[in-house]
Each structure stands twice: as structure tokens, then as C-alpha cells.
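Step one of this worksheet: look at the structure below.
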Amino acid sequence: MASGSAWCSAARQLPLRLTAGIFFLNSGISKHGADEATAEGLKQFAAMTYPFLGKQDAQKFVRLLSAGEIAIAATLLVPVVPAAVAGAALTAFSLGTLGLYLRTPGLREEGSLRPTEQGLTIAKDVWLLGIGVSLIVDGVNEHR
């Protein structure tokens, strides 16, 4: 019965892991060869919320961001990585992007959580948080 339960859990996780994993793989690969202007823009945007990033070299920042996104993609797309581990990586990253959304002026309507047009591209990352938490819960339940 345990193997049937494990198969059912893996099948249930597949759509979550594939959609988020492919999304992260594409994002990480697209940032891999970012030009200086793109790298500087990404770094400055992140540094508005996370000031310690302002001290980083822009190219190094984008290389690390790219590598992080590709690593998260791997945790999601490689089936032997436990769901809780993949979910934790995804949750941590999405909390960081949602921190940008909540703290960056102009991304939300005044006094609201509703995104402005500029904030929509980051506000949608809430689905990544939902997938990450779902994978954590599923992974914890697998070990019970």
C-alpha cells in the first residue's frame, strides 16, 4: 500500500513541480547571459528592498540569481528530490519576491494589497508560494 500511496503522491505533485520547475528553468537560463544594463537594473530593483544587495557587483548578482533559479528548477524537476525540499526552496524564493512586492513603492495600490500594473508581474508570484507550501505539506505527510 505504501508504494501505491507514494506513486499517487508523486502523480499529484507532477503538475505543480513541472509548471514551477519549467518556469524557473526558463527564468534562470534567460538571466544567464544578461547584459550589463539588465544586470544593473535587476540589482537596483532588488536593492531597493534588500539594501545589502546594492554592494554586489551587478553581473555577479545576476549570475547568482540565475544559478539560484536553475538550482530551484532542478529541485522541482528531478523526481528523487523530496517534495518538502523542493517546496522549501520554492517557498524561500517566493517569499523573497513577495517581499519585493510588499516593500517596493508603486507596486501596490495605496493602502491595499492589490497590485498596480507595474506590480502585477511580481504579485503573481504568490502562486509560487502556494505551490511551495503545498509541496512542503505533501512531503511532510509522506513521512508520516
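Numerical summary
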| quantity | calculated |
| --- | --- |
| Size of electric dipole in the chain: Cβ of Lys, Arg +1 and of Asp, Glu -1, about Cα centre, debye, nearest 20 | 240 debye |
| Cα→Cβ-extended label distance, 7 Å offset, between L120 and V80, nm | 4.3 nm |
| FRET efficiency, E109 to A67 (Cβ-Cβ, R0 35 Å, nearest 0.05) | 0.55 |
| Sequence-distant lysines (8 or more away, or on other chains) whose Cα lies within less than 17 Å of K55 | K43 |
| In range of the label at F52: residues from segment 99-137 whose backbone nitrogen is under 14 Å from the point 7 Å along Cα→Cβ | none |
| For R108, residues with placed amide H under 5 Å, excluding near neighbours | T116 |
| Theoretical FRET efficiency, 1/(1+(r/R0)^6), r = Cβ-Cβ of S27 and E142, R0 22 Å, to 0.05 | 0.20 |
| Calculated over segment 2-142: convex hull of Cα atoms, volume per residue (Å³) | 108 Å³ |
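Just so you know, all these numbers are worked out from the coordinates, no wet-lab data involved. What you see is a predicted model, and the numbers here were worked out from it, not measured in a lab. Glycine gets a Cβ as well: all are built from the backbone with ideal geometry, and neighbour counts include every protein chain shown.
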